[in-house]
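The values are calculated or read from the model by the stated rules, or taken from the named source; none is laboratory data. The structure displayed is predicted, hence computed values, not measured ones. Ideal geometry is used to build each Cβ from the backbone, glycine not excepted, and the neighbour counts take in all protein chains shown.
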Amino acid sequence: MQQLRHRINPKTFVITLRQIAKHLKIQQERILNWAKWHNVLWVHIQGLGGYFISYRKLEQWIAACSTLIRFCPNLQALNALWKSIIQESQRYTEEAFSRLDAIFEQRLSVLTSAKHHQQ
């Protein structure tokens, strides 16, 4: 299984100034500039300077992971994907990881049930 960063392309994320400000819990006006870098979002904040945000902290990343989980074709692919998510679990918020875990459990149940029906 490829690492998640090879399967999810943050360049395709639609990220807004409002979303960044909300994530950072600051007023939009304090954001002087921002840019999508390869592995992180770079934000220049008035009074603070440069600040980095992991894409894994953004809702778009969690949504992309959710989609990957939901469309895993079989147990082997699902388990390999989940292993990749677990390996970087410290990068996610607790709430985001809980959501991914619930989606994983749902897909696992569906695939396990389908496998039993085939036998």
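Quick notes on this one:
- Hey, Ile69 β-branched (Val, Ile, Thr) and assigned to a helix (DSSP H, G or I) or not: yes
- Taking region 25-49 as the range and being touching a strand residue (DSSP E or B) at 6+ places or on another chain (Cβ under 7 Å) and surrounded by 11 or more Cβ atoms within 10 Å (Cβ to Cβ) as the test, the residues that pass are Ile26, Arg30, Ile31, Leu32, Trp34, Val40, Leu41, Trp42, Val43, His44, Ile45, Gln46.
- Among the candidates Glu95, Glu88, residue that is farther than 12 Å from Leu4 by Cα, outside the structural domain of Lys36 (by TED's automatic domain parsing) and among the acidic types (Asp, Glu): Glu95
- Cross-chain or 6+ apart pairs with Cβ under 6 Å, region 88-102 first and farther than 12 Å from Ala63 by Cα, then part of a helix (DSSP H, G or I) and among the basic types (Lys, Arg): Arg91/Arg56; Tyr92/Arg56
- Meets criteria (over 13 Å from the mean Cα position of the chain (by Cα), in a helix (DSSP H, G or I), hydrophobic (A, V, I, L, M, F, W, C) and surrounded by 13 or more Cβ atoms within 10 Å (Cβ to Cβ)) for Leu78: yes
- Leading residue by the ranking (farthest from the chain's Cα centre (by Cα)) among those in region 8-33 that are in a helix (DSSP H, G or I) and touching a residue at least 24 places away in the same chain (Cβ under 8 Å): Leu24
- Residue match in region 82-91 (condition: over 18 Å from the mean Cα position of the chain (by Cα) and exposed (fewer than 13 other Cβ atoms within 10 Å of the Cβ)): no
- Inspection of region 77-100 identifies at least one residue that is in contact with a strand residue (DSSP E or B) (Cβ under 8 Å, 6 or more places away or on another chain) and either of a type outside the set (A, V, I, L, M) or modelled with pLDDT under 95 (or both).
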